[in-house]
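Every number here is computed from the coordinates shown, using simple stated rules; none is lab data. A quick note: this is a predicted structure, and the numbers were derived from the prediction, not measured. Virtual Cβ from ideal backbone geometry, glycine too; neighbours counted across all protein chains shown.
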Amino acid sequence: MAAITAVIYTLASVARLDSYASYFLPLPTILVALRHGHTAALRAVLVSVLLLLVLTGPLRAATFLCMHGAMAVALGVAWAARLPWALSIPLAAAARCTGYAAYVALSSWATGEDLVALLLANVRALLGQAAVLLRAHGAPSDAAVAAAILGLLAVNAAVYVALLHLLYAVMLGAMGQPPPGRVPAWAGRLAQRVA
């Protein structure tokens, strides 16, 4: 399973299909967690990272760990423990947000630039231009801009993880696996209609 994950990630990176493949990258780790427990899921992610280290180098391997590996383990552990979606979605979204932060820190280090300051400056400038167009007075503070960015990041992660829950409810049901976590009744009916 770890080799499948590493190959999918490598091919998606080479073909520039990262955004599409990101919906399927957690699946092998989740299957390992459902079948063999959370320790095996951690090992699968570790082996995937080691394979990616050899195939693509340390930066891509660390990027996989930050953006996909930690969230996949969080989802696998939550679903193996049969947590309800109301708990597993925020748990995995928090892992995804932490991965985003680690990815930005890693990218800042690799490029030698302070990407957080650059992001804040660009968003502040954009909001300043919007304020001029709207004839508003003043510009938002750095804290308000940072809070808006973090809020949007959290919403993005929660929506992504919720979509993964729905997608995997259908996929795992079609594969004969138990559904992910404790599936709400409406999601179970939706998964049965789609499958």
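Quick notes on this one:
- Take the Kirkwood radius over Cα pairs of the chain, plug it into Stokes-Einstein at 4 °C and 1.567 mPa s, and you get 71 µm²/s for translational diffusion.
- Candidates PRO58, PRO84, PRO184: whichever shows maximal mean-square fluctuation once the chain is modelled as a Gaussian network with Cα springs under 10 Å: PRO184
- Ranked LEU153, LEU87, criterion: other C-beta atoms within 10 Å, fewest first: LEU87, LEU153
- Helix 185-194 and the longest principal axis of the C-alpha atoms of the chain enclose an angle of approximately 70°.
- Residue exposure sequence - MET1, MET71 - by fewest surrounding Cβ within 10 Å: MET1, MET71
- ARG182 long-range amide H proximity, modeled H, under 5 Å: LEU83, TRP85
- By the helix-only formula, in which each DSSP H run with n ≥ 4 contributes -39500 (n - 2.57) and the sum is divided by residues, the chain has a 222 nm mean residue ellipticity of -26000 deg cm²/dmol.
- A Gaussian network model of the chain, with springs between Cα atoms under 10 Å, assigns the largest mean-square fluctuation among ALA40, ALA70, ALA143 to ALA143.
- Relative to one another, the C-alpha centroids of region 1-68 and region 147-195 are positioned 20 Å apart.
- Charge dipole (Cα centre; +1 on Lys/Arg Cβ, -1 on Asp/Glu Cβ; no other charges) of region 2-194 amounts to roughly 600 debye.
- As a proxy for reagent exposure, ILE89, ILE8, ILE149 were ordered by neighbouring Cβ count within 10 angstrom, fewest first; the result is ILE149, ILE8, ILE89.
- Residue-wise HN-Hα coupling along region 16-27, computed from phi with Karplus coefficients 6.51, -1.76, 1.60 (Hz; x: Gly, Pro): 6, 10, 4, 5, 7, 6, 5, 6, 10, 5, x, 4
- Within region 41-107, trypsin sites (Lys or Arg not before Pro) in DSSP loop having at most 14 other beta-carbon neighbours inside 10 Å: ARG82
- Options PRO90, VAL170, GLY128, ranked by Cα towards positive dipole end of region 2-194, top entry (Cβ charges): VAL170
- Remark: spin-label model distance LEU134-LEU87 equals 4.0 nm, labels positioned 7 Å along the Cα→Cβ axis.
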